[in-house]
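Below is one structure; the comments refer to it alone.
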Amino acid sequence: MSDTTALATRLRDITDRIDAAARAVHRDPDDVTLIVVTKFHPSSLVRDLHALGVRNVGENRHQEASAKALECADLELTWHFIGQLQSNKARAALEYADVIHSVDRPSLVSALTKAWLDENQQCERGPVDCFLQLNLTDDPGRGGVQAADLLTMAQSVLESPALNLLGVMSVAPLDEDPARAFDAVAEASARLMTVAPDARFISAGMSHDFVEAIAIGATHLRIGTAITGNRPVSG
Ligand SMILES: *Cc1c(COP(=O)(O)O)cnc(C)c1O
(Lines give C-alpha, C1' and ligand atoms only; values in the text may rest on other atoms or scores of the structure.)
Protein backbone atom coordinates (compact mmCIF):
# COMPACT_ATOMS: atom_id res chain seq x y z
CA MET A 1 0.00 0.00 0.00
CA SER A 2 1.43 3.42 -0.92
CA ASP A 3 1.79 6.12 1.70
CA THR A 4 -1.07 8.15 0.31
CA THR A 5 -3.35 5.11 0.12
CA ALA A 6 -2.55 4.35 3.75
CA LEU A 7 -3.22 7.97 4.66
CA ALA A 8 -6.57 7.91 2.85
CA THR A 9 -7.50 4.68 4.63
CA ARG A 10 -6.66 6.05 8.08
CA LEU A 11 -8.48 9.30 7.38
CA ARG A 12 -11.60 7.45 6.26
CA ASP A 13 -11.43 5.12 9.24
CA ILE A 14 -11.16 7.99 11.74
CA THR A 15 -13.91 9.96 10.00
CA ASP A 16 -16.17 6.90 10.20
CA ARG A 17 -15.37 6.46 13.88
CA ILE A 18 -16.11 10.14 14.56
CA ASP A 19 -19.48 9.83 12.80
CA ALA A 20 -20.34 6.69 14.76
CA ALA A 21 -19.26 8.22 18.09
CA ALA A 22 -21.39 11.31 17.42
CA ARG A 23 -24.46 9.28 16.45
CA ALA A 24 -24.02 7.07 19.51
CA VAL A 25 -24.60 10.12 21.73
CA HIS A 26 -27.32 11.58 19.48
CA ARG A 27 -25.16 14.31 18.06
CA ASP A 28 -25.01 15.48 14.45
CA PRO A 29 -21.60 14.48 13.02
CA ASP A 30 -21.64 17.77 11.08
CA ASP A 31 -21.31 19.61 14.41
CA VAL A 32 -17.89 18.05 14.91
CA THR A 33 -14.93 19.62 13.09
CA LEU A 34 -11.92 17.41 12.47
CA ILE A 35 -8.59 19.24 12.66
CA VAL A 36 -5.74 17.08 11.40
CA VAL A 37 -2.58 17.84 13.41
CA THR A 38 0.36 17.88 10.98
CA LYS A 39 3.16 18.94 13.34
CA PHE A 40 6.64 17.53 12.55
CA HIS A 41 5.41 16.39 9.13
CA PRO A 42 6.48 18.11 5.90
CA SER A 43 4.15 20.35 3.94
CA SER A 44 3.78 17.55 1.38
CA LEU A 45 1.61 15.77 3.94
CA VAL A 46 -0.57 18.86 4.23
CA ARG A 47 -0.95 18.76 0.43
CA ASP A 48 -1.88 15.07 0.49
CA LEU A 49 -4.47 15.75 3.18
CA HIS A 50 -5.88 18.66 1.24
CA ALA A 51 -6.21 16.43 -1.83
CA LEU A 52 -8.21 14.03 0.36
CA GLY A 53 -10.63 16.79 1.35
CA VAL A 54 -9.13 17.98 4.65
CA ARG A 55 -9.57 21.73 5.14
CA ASN A 56 -8.57 22.16 8.82
CA VAL A 57 -5.00 21.58 9.93
CA GLY A 58 -3.33 22.08 13.31
CA GLU A 59 0.23 23.01 14.25
CA ASN A 60 1.78 23.54 17.67
CA ARG A 61 5.10 25.27 16.99
CA HIS A 62 5.19 28.77 15.65
CA GLN A 63 8.20 28.56 13.36
CA GLU A 64 7.12 25.31 11.76
CA ALA A 65 3.53 26.50 11.37
CA SER A 66 4.61 29.74 9.80
CA ALA A 67 6.86 28.04 7.24
CA LYS A 68 4.28 25.39 6.34
CA ALA A 69 1.45 27.86 5.94
CA LEU A 70 3.64 29.82 3.54
CA GLU A 71 4.52 26.69 1.55
CA CYS A 72 0.83 25.84 1.31
CA ALA A 73 -0.41 29.38 0.66
CA ASP A 74 -2.03 28.23 -2.61
CA LEU A 75 -4.32 25.80 -0.77
CA GLU A 76 -7.60 26.76 0.82
CA LEU A 77 -7.00 25.75 4.43
CA THR A 78 -7.94 26.88 7.91
CA TRP A 79 -4.83 26.92 10.11
CA HIS A 80 -5.33 26.16 13.79
CA PHE A 81 -2.54 27.08 16.17
CA ILE A 82 -2.75 24.63 19.08
CA GLY A 83 0.58 25.03 20.91
CA GLN A 84 1.85 27.40 23.55
CA LEU A 85 2.24 30.83 22.03
CA GLN A 86 4.90 33.21 23.30
CA SER A 87 3.70 36.80 23.49
CA ASN A 88 6.59 37.98 21.32
CA LYS A 89 5.34 35.66 18.55
CA ALA A 90 1.78 36.97 18.67
CA ARG A 91 2.25 39.38 15.80
CA ALA A 92 3.84 36.77 13.53
CA ALA A 93 1.21 34.17 14.44
CA LEU A 94 -1.54 36.47 13.23
CA GLU A 95 0.01 36.26 9.75
CA TYR A 96 -1.14 32.67 9.26
CA ALA A 97 -3.28 31.48 12.18
CA ASP A 98 -7.00 31.49 11.52
CA VAL A 99 -7.84 30.08 14.95
CA ILE A 100 -5.72 30.19 18.11
CA HIS A 101 -6.60 27.40 20.56
CA SER A 102 -4.12 28.30 23.28
CA VAL A 103 -5.03 31.70 24.70
CA ASP A 104 -4.23 31.28 28.37
CA ARG A 105 -2.93 34.46 29.98
CA PRO A 106 -3.56 38.20 30.08
CA SER A 107 -0.17 39.08 28.57
CA LEU A 108 -0.98 37.02 25.46
CA VAL A 109 -4.37 38.70 25.10
CA SER A 110 -2.62 42.09 25.29
CA ALA A 111 0.03 41.09 22.77
CA LEU A 112 -2.53 39.75 20.28
CA THR A 113 -4.69 42.83 20.69
CA LYS A 114 -1.79 45.21 20.22
CA ALA A 115 -0.53 43.36 17.14
CA TRP A 116 -4.00 43.24 15.62
CA LEU A 117 -4.55 46.97 16.15
CA ASP A 118 -1.06 47.94 14.91
CA GLU A 119 -1.13 45.81 11.81
CA ASN A 120 -4.51 46.98 10.61
CA GLN A 121 -5.52 43.35 10.82
CA GLN A 122 -8.92 44.59 11.86
CA CYS A 123 -9.58 45.74 8.30
CA GLU A 124 -8.14 42.67 6.63
CA ARG A 125 -9.58 39.90 8.70
CA GLY A 126 -11.84 40.94 11.54
CA PRO A 127 -11.39 39.50 15.02
CA VAL A 128 -9.32 36.34 15.40
CA ASP A 129 -11.18 33.21 16.50
CA CYS A 130 -9.75 31.78 19.69
CA PHE A 131 -10.26 29.30 22.48
CA LEU A 132 -9.31 29.66 26.12
CA GLN A 133 -7.01 26.79 26.97
CA LEU A 134 -7.79 25.13 30.28
CA ASN A 135 -5.18 23.70 32.60
CA LEU A 136 -6.74 20.58 34.08
CA THR A 137 -3.78 19.89 36.36
CA ASP A 138 -2.49 21.58 39.51
CA ASP A 139 0.78 22.33 37.73
CA PRO A 140 0.79 25.96 36.56
CA GLY A 141 3.80 25.12 34.34
CA ARG A 142 1.58 23.12 31.99
CA GLY A 143 0.06 26.19 30.38
CA GLY A 144 -3.63 26.92 30.34
CA VAL A 145 -6.01 28.82 32.56
CA GLN A 146 -6.67 27.46 36.04
CA ALA A 147 -10.36 26.88 36.74
CA ALA A 148 -10.43 29.72 39.27
CA ASP A 149 -9.22 32.24 36.66
CA LEU A 150 -11.49 31.17 33.81
CA LEU A 151 -14.10 33.92 34.03
CA THR A 152 -11.56 36.70 34.60
CA MET A 153 -9.66 35.55 31.51
CA ALA A 154 -12.89 35.29 29.55
CA GLN A 155 -13.68 38.87 30.47
CA SER A 156 -10.38 40.13 29.11
CA VAL A 157 -10.89 38.22 25.83
CA LEU A 158 -14.44 39.56 25.54
CA GLU A 159 -13.13 43.10 26.01
CA SER A 160 -10.54 42.73 23.24
CA PRO A 161 -11.69 43.95 19.81
CA ALA A 162 -9.07 41.61 18.30
CA LEU A 163 -10.43 38.32 19.60
CA ASN A 164 -13.59 36.34 19.01
CA LEU A 165 -14.04 33.83 21.81
CA LEU A 166 -15.22 30.45 20.52
CA GLY A 167 -15.02 28.46 23.75
CA VAL A 168 -12.68 26.27 25.77
CA MET A 169 -9.82 24.03 24.72
CA SER A 170 -8.03 21.34 26.66
CA VAL A 171 -5.56 18.51 26.50
CA ALA A 172 -6.56 15.68 28.83
CA PRO A 173 -3.70 14.88 31.23
CA LEU A 174 -2.02 11.60 30.28
CA ASP A 175 -2.11 10.23 33.81
CA GLU A 176 -5.85 10.59 34.23
CA ASP A 177 -8.97 8.91 32.92
CA PRO A 178 -9.91 11.11 29.93
CA ALA A 179 -13.62 10.84 30.72
CA ARG A 180 -13.01 12.43 34.12
CA ALA A 181 -10.88 15.19 32.64
CA PHE A 182 -13.51 15.87 30.00
CA ASP A 183 -16.21 16.22 32.67
CA ALA A 184 -14.16 19.15 33.99
CA VAL A 185 -14.02 20.56 30.45
CA ALA A 186 -17.79 20.32 30.04
CA GLU A 187 -18.24 22.04 33.38
CA ALA A 188 -15.83 24.84 32.42
CA SER A 189 -17.65 25.25 29.12
CA ALA A 190 -21.00 25.65 30.91
CA ARG A 191 -19.45 28.15 33.30
CA LEU A 192 -17.93 30.14 30.44
CA MET A 193 -21.31 30.31 28.72
CA THR A 194 -22.82 32.06 31.74
CA VAL A 195 -20.74 35.12 30.77
CA ALA A 196 -20.29 34.42 27.03
CA PRO A 197 -23.34 32.56 25.71
CA ASP A 198 -21.93 32.38 22.17
CA ALA A 199 -18.67 30.76 23.28
CA ARG A 200 -20.20 27.30 23.04
CA PHE A 201 -17.47 25.41 21.21
CA ILE A 202 -15.18 22.86 22.80
CA SER A 203 -11.75 21.95 21.39
CA ALA A 204 -10.92 18.59 22.93
CA GLY A 205 -10.12 15.07 21.85
CA MET A 206 -6.95 13.64 20.31
CA SER A 207 -6.03 10.31 18.70
CA HIS A 208 -6.58 8.23 21.81
CA ASP A 209 -9.53 10.02 23.43
CA PHE A 210 -11.73 11.57 20.74
CA VAL A 211 -14.64 9.21 21.41
CA GLU A 212 -14.81 10.35 25.06
CA ALA A 213 -14.46 13.97 23.92
CA ILE A 214 -17.38 13.66 21.51
CA ALA A 215 -19.47 12.24 24.35
CA ILE A 216 -19.03 15.41 26.42
CA GLY A 217 -19.79 17.71 23.49
CA ALA A 218 -16.44 18.40 21.81
CA THR A 219 -16.95 20.37 18.60
CA HIS A 220 -13.30 20.55 17.46
CA LEU A 221 -11.16 17.41 17.52
CA ARG A 222 -7.38 17.72 17.15
CA ILE A 223 -6.21 14.40 15.75
CA GLY A 224 -2.63 13.70 14.72
CA THR A 225 -1.02 10.27 14.74
CA ALA A 226 -4.21 8.23 14.24
CA ILE A 227 -4.45 9.84 10.79
CA THR A 228 -0.90 10.87 9.88
CA GLY A 229 0.85 7.82 11.29
CA ASN A 230 3.77 8.25 13.65
CA ARG A 231 5.44 11.63 13.65
CA PRO A 232 8.96 11.82 12.30
CA VAL A 233 11.42 12.34 15.15
CA SER A 234 12.23 16.01 15.40
CA GLY A 235 13.63 18.52 17.85
C1 LIG B 1 0.06 16.92 19.02
C2 LIG B 1 -1.20 17.49 19.56
C3 LIG B 1 -2.44 16.89 19.28
C4 LIG B 1 -2.58 15.61 18.46
O5 LIG B 1 -2.11 14.52 19.20
P6 LIG B 1 -2.26 13.01 18.66
O7 LIG B 1 -2.11 12.19 19.88
O8 LIG B 1 -1.18 12.81 17.67
O9 LIG B 1 -3.62 12.89 18.06
C10 LIG B 1 -3.58 17.50 19.78
N11 LIG B 1 -3.51 18.63 20.52
C12 LIG B 1 -2.34 19.23 20.81
C13 LIG B 1 -2.35 20.47 21.64
C14 LIG B 1 -1.15 18.69 20.34
O15 LIG B 1 0.02 19.29 20.64
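The values are calculated or read from the model by the stated rules, or taken from the named source; none is laboratory data. Only a predicted model underlies this, so the values are computations on that prediction, with no experimental measurement involved. Note that we place each Cβ from the backbone using ideal geometry, even for glycine, and neighbour counts take in every protein chain shown. Just so you know, the surface numbers come from the protein's heavy atoms only, side chains and all, with ligands and any DNA or RNA stripped out. Shrake-Rupley method; radii C 1.70, N 1.55, O 1.52, S 1.80 Å.
A few comments on the model shown:
- Its alpha carbons considered, region 120-235 gives a radius of gyration followed by a Dmax of 15.2, 44 Å.
- For region 1-128, the relative contact order works out to 17 percent when only alpha carbon pairs closer than 8 Å and six or more residues apart are counted.
- Descending principal axes extents, region 81-147, alpha-carbon based, whole Å: 40, 17, 16
- Solvent-accessible area, 1.4 Å probe, carbon plus sulfur percent, for region 61-136: 48
- Heavy-atom accessible area, probed at 1.4 angstrom with all protein chains present, ranks T5, T137 as T5, T137, highest first.
- Accessible area per residue was computed with a 1.4 Å probe on protein heavy atoms; E95 scores about 130 Å².
- Taken per residue, the accessible surface of region 179-223 reaches 40 Å², heavy atoms only and a 1.4 Å probe.
- Projected area, mean over directions - region 148-197, Cα convex hull, nm²: 3.8
- Rounded D (µm²/s) - the chain, Kirkwood Rh over Cα pairs, Stokes-Einstein at 25 °C, 0.890 mPa s: 136
- Rounded to two decimals, the Cα radius of gyration of region 1-65 over 2.2 N^0.38 Å is 1.24.
- Amide H contacts for L163 (H built 1.01 Å from N in the peptide plane; partners 5 or more residues away or on another chain; cut-off under 5 Å): V128.
- For the chain, the Cβ-based charge dipole about the Cα centre amounts to some 240 debye (Lys, Arg positive; Asp, Glu negative; other atoms uncharged).
- Over region 110-164 - Rg/Rh using Cα atoms and the Kirkwood inverse-distance radius: 1.06
- Distance between the C-alpha centres of region 20-46 and region 158-205: 18 Å, rounded to the whole angstrom.
- The fraction of all Cα pairs in region 44-110 landing in successive 10 Å bins from 0 to the largest distance is 21, 53, 21, 5, given as whole percents.
- Positive minus negative residues near T219 (Lys, Arg vs Asp, Glu; Cβ under 12 Å): 0
- Neighbour cut-off at most 10 other Cβ (10 Å), DSSP loop, trypsin sites (Lys or Arg not before Pro), region 1-59: none
- Tail fraction, Cα-Cα pairs, region 14-136, threshold 26 Å, whole percent: 28
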